[in-house]
Every structure is written in structure tokens, then in C-alpha cells.
1. Please enumerate the residues belonging to the stretch 187-206 that are modelled with pLDDT of 95 or more and either assigned to a helix (DSSP H, G or I) or charged (D, E, K, R) (or both).
2. Open to solvent by 40 Å² or more (accessible area, probe 1.4 Å), among the small types (Gly, Ala, Ser) and either part of a helix (DSSP H, G or I) or out of contact with any helix residue (DSSP H, G or I) (no Cβ under 6 Å at 6 or more places or on another chain) (or both): is that true of residue 112 in this structure?
3. Tell me which residues, restricted to the stretch 16-26, are crowded, with 16+ Cβ neighbours inside 10 Å, modelled with pLDDT of 90 or more and either of a type in the set (Val, Ile, Thr) or at positive phi (or both).
4. Condition first: assigned to a loop (DSSP other than H, G, I, E, B), in contact with a His (Cβ under 7 Å, 6 or more places away or on another chain) and touching a residue at least 24 places away in the same chain (Cβ under 8 Å). Can you find one or more residues in the stretch 223-240 that meet it?
5. So, in the stretch 144-154, how many residues would count as being open to solvent by 50 Å² or more (accessible area, probe 1.4 Å) and under 21 Å from residue 11 (Cβ atoms)?
6. Please list, ordered by first then second residue, the pairs with beta carbon atoms under 7 Å, 6 or more apart or interchain, first in the stretch 27-44 and open to solvent by 70 Å² or more (accessible area, probe 1.4 Å), second hydrophobic (A, V, I, L, M, F, W, C) and in a loop (DSSP other than H, G, I, E, B).
7. I'm checking my understanding of the structure. Among residues of the stretch 87-109 that are among the charged types (D, E, K, R) and in a loop (DSSP other than H, G, I, E, B), which one is most open to solvent (accessible area, probe 1.4 Å)?
Amino acid sequence: MQASSTLIIPAIDLIGGRCVRLTKGDYAQRSTYDATPLDMVRQYVAHGFHRVHVVDLDGAKASHPANLDVLRALAAVPGAEIEWGGGIKSDEALQAVFEAGARYAVVGSVAAQQPALFERWLLDYGPERMVLGADVRDGLVSVNGWLENTTLSIDDLVHRFRPAGLSQVICTDISRDGMLQGPATELYVRLQAEYPEITFTVSGGIASIHDIRTLRSLGLRRIIVGKAIYEGRISLSELC
């Protein structure tokens, strides 16, 4: 079980129902792993990691959830709390994700491109279930499966949704995602210090248990770990 106040959230990225990892968000640079998503969630829960971050990459590209059958299977694992993102761009999509068993919904593109809609979701479903996903490249937010850039910064989004009760943000540094070269630590420390009422999740670049210990020592509250687990650089027992 996790003893630290820092919550470790293991990650699963899905394409075609299989576990993959992209490099810098590039669909053409992906690794596919033998372990099934269901096996991974069972392993995570068995080690005390109940909240699992799952990205429907097919859904992000198609602009609608594309792996709901997988979500149903994962959510049925006793003790699993699935944090699901990818392709949630309409009321119908959000409802489908929750009905399939997701505990939390991660929304990025809608928040950047249709802010009034995301604000309504925050108010309707509550900030405890709605998570802002801010995928950042060169300081600016990217949308639609990281395929398009915007002129917005993560601070722009945080300021927009604070009045609606925003309390959870996953910030992914795309330039570091899948690179195993360490996280953008200064960015997360700044964000957590400037917006203490919001919990920021570190995402992208985690390469070793040393990265985890450093982030914990700096007071970061949540850390997503993905490729480092699949590549055997960090064991689940080390994270406990």
C-alpha cells in the first residue's frame, strides 16, 4: 500500500484495446506491450494502486470514446477507480464514459476549445469527478490527441475554470512524454505553489524511482507513471 501523501497513479494508454506508449505524443512512434489492460489494472490494484489513469488514444484521434468495452472490463475490477480520458467532446460521450464505469473523466480539448461546456460539466458533475487535462508543448496547450496546437497556456485554462471550482489538473509535458528523461519539475512546482487549492498531477518523463522521490520531497501531490513501469525501470513494489 502507498504510505506517502503523494498519490502514485499508474497509466495505461490504449490503441485497439492494447497497451501502448507513445513517444512525444507521436502516434507513429509507439511501443505495444504484451500485457493486457485488464491484467495491468489487476496488478495495480493488487499492489495498492486503485486510481488508474487510462487514455483512449483511439478516442482522442476519433473525437469520441472508442474503447468503452475495455473501460467496462477495467471498471469491473474490484477496487479499481478508473480515470479515463480521450475523445470526451460531448454530453453523450461524457455520459457514456461514466455509464461504462469511469470514476473520473479527463477533459482537454473541450476545455480549450469549448470552455463554456467544460465549465457546465464542472458544475453539473462536480470538480471531484471532472479533471482538466492540459497537454503542453513549448508552453502552449495542444488538443485533439496532441495533433493540434492552441495559443493558450495552462495558466489561461486554470484562470478560466477556477471560479467553477476546478480542483484537479493533469499537466502533461508532451516533449518529455515517453522519453524517460525526467519530468518538467520546475513547471509543476510553480503551478502547485501558485494555485494551492488545485491538485496538479505530474505527467510525462518519469524515468526512475529517484524522480518519484524528488517530486515527493518537493510536495507534489500526484504523479502518473507509465512507460517506466512497462520498460521495467520502476517496479510496482518500489512505488508502494
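The values are calculated or read from the model by the stated rules, or taken from the named source; none is laboratory data. Keep in mind that this is a model prediction, so the values were computed, not measured. Ideal geometry is used to build each Cβ from the backbone, glycine not excepted, and the neighbour counts take in all protein chains shown. For accessibility, only protein heavy atoms count, side chains too; no ligands or nucleic acids. Shrake-Rupley method; radii C 1.70, N 1.55, O 1.52, S 1.80 Å.
1. Of everything in the stretch 187-206, those that are modelled with pLDDT of 95 or more and either assigned to a helix (DSSP H, G or I) or charged (D, E, K, R) (or both) turn out to be 188, 189, 190, 191, 192, 193, 194, 197.
2. no
3. Hit for the stretch 16-26 is 20, nothing else.
4. The initial filter retains those residues of the stretch 223-240 that are assigned to a loop (DSSP other than H, G, I, E, B), namely 226, 231-235, 240.
In the following step, the residues that additionally are in contact with a His (Cβ under 7 Å, 6 or more places away or on another chain) were identified as 240.
With touching a residue at least 24 places away in the same chain (Cβ under 8 Å) added as a condition, the list becomes 240.
Checked against the condition, which is being assigned to a loop (DSSP other than H, G, I, E, B), in contact with a His (Cβ under 7 Å, 6 or more places away or on another chain) and touching a residue at least 24 places away in the same chain (Cβ under 8 Å), the stretch 223-240 yields at least one hit.
5. The total comes to 1.
6. Here the result reads 42/77, each pair linking the stretch 27-44 to a residue that is hydrophobic (A, V, I, L, M, F, W, C) and in a loop (DSSP other than H, G, I, E, B).
7. Our first condition is that a residue be among the charged types (D, E, K, R); within the stretch 87-109, this holds for 89, 91-92, 99, 103.
With in a loop (DSSP other than H, G, I, E, B) added as a condition, the list becomes 89, 103.
On the way: 89: 44, 103: 108 Å².
The extreme case among them is 103.
Yes/no matrix, rows are residues, columns are (1) out of contact with any Ser or Thr (no Cβ under 7 Å at 6 or more places or on another chain); (2) closer than 28 Å to residue 211 by Cα:
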{"residue": "138", "(1), (2)": "yes, yes"}
{"residue": "153", "(1), (2)": "yes, yes"}
{"residue": "161", "(1), (2)": "yes, no"}
{"residue": "168", "(1), (2)": "no, yes"}
{"residue": "176", "(1), (2)": "yes, yes"}
{"residue": "187", "(1), (2)": "yes, yes"}
